[in-house]
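For reference, the structure is listed below as structure tokens.
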Amino acid sequence: MTVFHIASPDTGIACKLQQKIDNLAKPEGSLGVLETVAMQIGLIQQTLSPSLRKPVNILFAADHGIADENVSKSPKEVTRQMIFNFLDGGAGVCFLARQHGFQLKVVDAGTDYDFMPDRRIIHRKIRKGTRNFLHESAMTVSEMELALQYGADIVTECHQGGSNIISFGEMGIGNTAASSMWMTCLTGIPLAACVGAGSGLDDEGVRHKRHILQAALDNYKGDRSVLNVMRYFGGYEMVMATGGMLRAAELKMTILVDGFIMTNCVLAASKLYPEILPYCIYGHCGDECGHRKLLEALRATPLLHLGLRLGEGTGAICAYPIVSSAVRMINEMHSFSKASVTKYF
């Protein structure tokens, strides 16, 4: 399997970063979260003058066998239909990417559809959807390993293109079900607290979804190791995103984390390599049931609470201006001495 060499940021520069932040012409701590984010990015980049270059949102798309059990309000064909919408620039993530200057990369990780050759799609299809984890493992070991490598390789290309900040999105009918399984198995939080409405199930639909997922959990005979859980219940898009996140941390890139599904990818990645966590900035807490509990389990503080539950990377990109403001603060604000202002606190 792909091995990553991730080192936590060296904290030796932390005192100098804090001194610079505290000596900006403002009361100490008065810019709150901006100061926290500036410190984090300064540590990631090991500099007193961090910068953000060429932000990218990689959107992985794949289908899930568990969708055959009616665990989603949306039919499976929506996955490939939305890929065409991404390519046409009409999806939610598209206007946000345009607004905030993100390059959007769309990856076919395992959609149940044969796309014609198109340079706008990164073709990394492993299989036409995962197997139904109610009855068997969603993917084989070799498929999981290939997905991790594909995700890592795409991030490498982004880094080689000059990007130092990256977010990840997903599209795949049934992937909140898969994410709920990762969450309960990797945190120990009861399944019922991990299962939500996804794309819009009503109360009866949520009850059915919980019933199916509980049956899948009862049928599971694996060892509950991280890799086994990822393989048995995951989606190709989720495993690729996990590999991408691990590679981004290895390359010392800042990772903007989106909603419920991508936070579960951070969870899985961190169980393999805890050193990934200092590289993650959590964009938002979404409306999907379980996201808040998952963030709490990771001891993560999200930047936004906007009631989002779309996925695609939308919450991560919405949070980008706050991250940009933090970097501008540390680089553009004058110190007390430069501003000729008496330190007033």
| said: Using only alpha-carbon positions, what ratio does the radius of gyration of the range 243-345 give when scaled by 2.2 N^0.38 Å? | reply: 1.29
| task | Determine, for 80, 224, 247, 292, the number of other Cβ atoms within 10 Å of each Cβ, and report the residues in order from fewest to most. | result | 224, 292, 80, 247
| query | lysines within cross-link reach of residue 338: Cα-Cα under 28 Å, excluding same-chain residues under 8 positions apart? | reply | 16, 20, 26
| remark: For residue 223, the net charge from surrounding residues (Cβ-Cβ under 14 Å; K, R +1; D, E -1) works out to +4
| note | Helix 203-219: inclination vs the chain longest Cα principal axis, degrees, rounded to 10, gives 80 degrees
| note | GNM on the chain, Cα springs under 10 Å; top mean-square fluctuation among 115, 102, 133 goes to 115
| When you count, for each residue, the other Cβ atoms within 10 Å and take the mean per peptide, how do 173-183, 39-49 rank with the highest first? | 173-183, 39-49
| task | With everything on Cα atoms, drop me the angle between helix 260-272 and the longest principal axis of the chain, reported from 0 to 90° to the nearest 10. | result | 80 degrees
| note | Within the set 139, 253, 333, GNM on the chain using Cα springs under 10 Å gives the largest fluctuation to 333
| said: Principal axis extents for the range 152-229, Cα atoms only, whole Å, descending order, please. | reply: 47, 32, 18
| Where a Cα-Cα gap under 21 Å defines reach, which lysines qualify for residue 105, not counting those fewer than 8 residues away within the same chain? | 54, 125, 128, 252
| Does the range 56-328 classify as rounded, prolate or oblate by the C-alpha gyration tensor (a ≥ b ≥ c root eigenvalues; a/c under 1.5 gives rounded; else a/b over b/c gives prolate, otherwise oblate)? | rounded
| task | For a footprinting-style exposure proxy, rank 66, 126, 154 by other Cβ within 10 Å, fewest first. | result | 126, 154, 66
| field | Fewest-first sequence of 332, 237 by Cβ atoms within 10 Å of each Cβ | value | 332, 237
| Helix-derived mean residue ellipticity, 222 nm - over the chain, DSSP H n ≥ 4, -39500 (n - 2.57), to 500 | -14500 deg cm²/dmol
| Phi-based couplings in Hz for the range 137-143 (Karplus 6.51, -1.76, 1.60; Gly and Pro marked x) | 4, 5, 8, 7, 4, 5, 5
| For the range 298-304, Karplus couplings with θ = phi - 60° (6.51, -1.76, 1.60), whole Hz, Gly/Pro x | 8, 6, 9, 10, x, 7, 10
| message | Can you report the principal axis dimensions of the range 1-137 using only the alpha carbons, biggest first, rounded to whole angstrom? | response | 57, 35, 30
| In Hz, Karplus ³J(HN,Hα) per residue of the range 149-165 (6.51, -1.76, 1.60; θ = phi - 60°; x = Gly, Pro) | 5, 4, x, 4, 5, 5, 5, 4, 5, 4, 5, 5, x, x, 6, 10, 9
| request: Could you check which residue among 13, 83, 322 shows the biggest mean-square fluctuation in a GNM of the chain with a 10 Å Cα cutoff? | output: 13
| task | Rank by packing, highest mean first: peptides 162-168, 297-303, with packing defined as the count of other Cβ atoms within 10 Å averaged across residues. | result | 162-168, 297-303
| task | Starting from the amide H of residue 121, placed 1.01 Å from N in the peptide plane, find each other amide H under 5 Å away whose residue is 5 or more places distant or on another chain. | result | none
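A short reminder: the numbers here are calculations on the coordinates, not readings from a lab. Being a predicted model, the structure only gives us computed values, none of them experimental. FYI the Cβ positions are ideal-geometry reconstructions off the backbone, even for glycines, and counts take in every protein chain you see.
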